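Written below as structure tokens is the structure these notes are about.
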Amino acid sequence: MLRLYDTARGDVVPFEPRERGKVSMYVCGPTVYGPPHLGHGRFSLVFDVVRRYLTWAGNEVTYVSNITDIDDNIIERAEREQRDWRELAQRCEAVWYRAMDALDVLRPDSDPHATAFVERMVALVERLVAAGVGYETGDGVYFRAEAVDDYGLLARQPLDSLRAGARVEGSDEKRSPVDFALWKKAKPGEPTWPSPWGGGRPGWHTECVVMSLDLLGEGFDIHGGGQDLAFPHHENERAQAVADGRRFARHWLHNGFVEVEGTKMSKSLGNVTNLVDLVEQYDARAYRLLVLRSHYRSPMDVTDDSLRDAEAALDRLDAFGRRVAGLGGGPGADPDALTRFRAAMDDDLDTPAATALVFDLVRRANTALDAGEAATAGPLAAAVGEITGALGLAIRGDEAAVPADLEALAQRRDEARAARDWATADKLRKEIAAAGYVVEDTPAGTVVRPA
Ligand SMILES: [Zn+2]
């Protein structure tokens, strides 16, 4: 049974979906005003792995991740660069999805855009004001955090200490520093939508609560995001749902921070300042492998060394893929390996253990192949294929890695061997080796792979 750390309960708990066999996930997506950074890459990969694993385990998963396409940062950058804010948001969204595609992050089933839900957000704010938990000020409408009994749950801190530590942001008219904006009245020249409090735009925390409940329904299964979102963003979403009398997320998952070369947001990783640079300068799969090698709740340190090391590991995986490609479709995956994989993942997503298992299986299968034991190697290789698939880690074992003329030589060598013409077979082996490739005899015939 899958067990996950739930931030709201502060403990690892059994994962109990609303409906057996169906899992609904909402993951807070990007605010599109600049290129994605490495932290965006991590949360996207962590939740992509959660999604893929749940699917592999037999669940029907619905994955929703929003695009915040209106926000103070978008407005500020558009103003600074004298551009249309819509055009800026659209371009940044395109950059976002290009980076996600490079990382093999599956597209969400639905990616609601904040601007398409403003009317429904206004309706929620109206209900909150009517219920006495929202109040209007000169610059907007605010939520009274004190109105929710257990406010601070996701911060794992009581309201008193949050109030003492809160930075005073926004209006002086806020009744408490922990109160937050539900609606922001527009300043001249800013984009605006109509509301009972005049033209303006919704607060960020209101967008996700409306879109998640609208698309996934009450009591949806997993609400996820980076650890920095737990408070105040997620807590403020939750507070609105509670005040509106709605059952919100059943499980709260948060992933740890990303550090670059040991420090938060340093620029010392070569020329890599964001995710777009990273997927251009390294094998994009290396970042997924780094994410898998870190437990999702731990901080993850990204360095040039760790990325190069991940690339070297991927080379071994690819070489293995080419080596076993010649084994042909065959046996099912080794059941013991799959049991171990499931046990690791069910233990609060122990992807470091699952990843170590993959490389252990590769070693064992290679040893078996070296000994000519294809029957032993087959099920192990099939398990490697299945597990890497469930983790979204593509193996490039494609034939394209070996030039077609060498493959033709390998085929002629098989023919020579079948005709017991050992001299020709040996001559062909030397020709292939001279081109820098290793020749192996397998039960399926000659396999060629880069040396
Ligand atoms: Zn959100």
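The values are calculated or read from the model by the stated rules, or taken from the named source; none is laboratory data. Keep in mind the model is a prediction, meaning the values are calculated, not measured. Positions of Cβ are generated from backbone atoms using ideal geometry, with glycine treated the same way; all protein chains shown enter the neighbour counts. With ligands, DNA and RNA removed, areas are computed over all heavy atoms of the protein, side chains included. Shrake-Rupley method; radii C 1.70, N 1.55, O 1.52, S 1.80 Å.
Values for this structure:
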| read-out | value |
| --- | --- |
| Alpha carbon centroid spacing (whole Å) that separates the stretch 347-377 from the stretch 91-145 | 44 |
| Additional length obtainable on full extension of the chain from Ala419 to Thr339, 0.36 nm per residue less Cα span | 24.4 nm |
| Simple spin-label estimate for Thr55 and Arg175 in nanometres, 7 Å along Cα-Cβ | 4.6 |
| With 10 Å bins from 0: P(r) over the stretch 293-362, alpha-carbon pairs, percent | 17, 39, 34, 10, 0 |
| Surface accessible to a 1.4 Å probe, per residue, for the residues of the chain, Å² | 44 |
| Taking the convex hull of Cα positions in the stretch 72-178, its mean projected area over all directions (nm²) | 10.1 |
| Per-residue SASA entry for Glu87, accessible area with 1.4 Å probe, Å² rounded to 10 | 60 |
| Electrostatic dipole magnitude of the stretch 399-440 [Cβ: Lys, Arg +1; Asp, Glu -1; Cα centre; debye, to 20] | 220 |
| Three-way shape call for the stretch 1-130 based on the alpha-carbon gyration tensor, with the a/c threshold at 1.5 | oblate |
| Relative contact order %, the chain, counting alpha carbon pairs below 8 Å whose residues are six or more apart | 16 |
| Val260 long-range amide H proximity, modeled H, under 5 Å | Met265, Ser266, Val302 |
| Cα→Cβ-extended label distance, 7 Å offset, between Met1 and Asp84, nm | 5.5 |
| Lys184, Lys427, Lys174, Lys22, ranked by accessible area, largest first (probe 1.4 Å) | Lys427, Lys22, Lys184, Lys174 |
| Efficiency of FRET between Arg412 and Asp370 - r from beta-carbon atoms, R0 22 angstrom, step 0.05 | 0.35 |
| Packing rank of 416-424, 341-349, 285-293, 318-326, where each peptide gets the mean count of other beta carbons within 10 Å, highest leading | 285-293, 318-326, 341-349, 416-424 |
| Listed residues Leu215, Leu2, Leu45 arranged by accessible area, highest first, probe 1.4 Å | Leu215, Leu2, Leu45 |
| Average projected area [Cα convex hull, the chain], square nanometres | 24.5 |
| Rounded to the nearest 10 Å², the accessible area of Val279 at probe 1.4 Å | 30 |
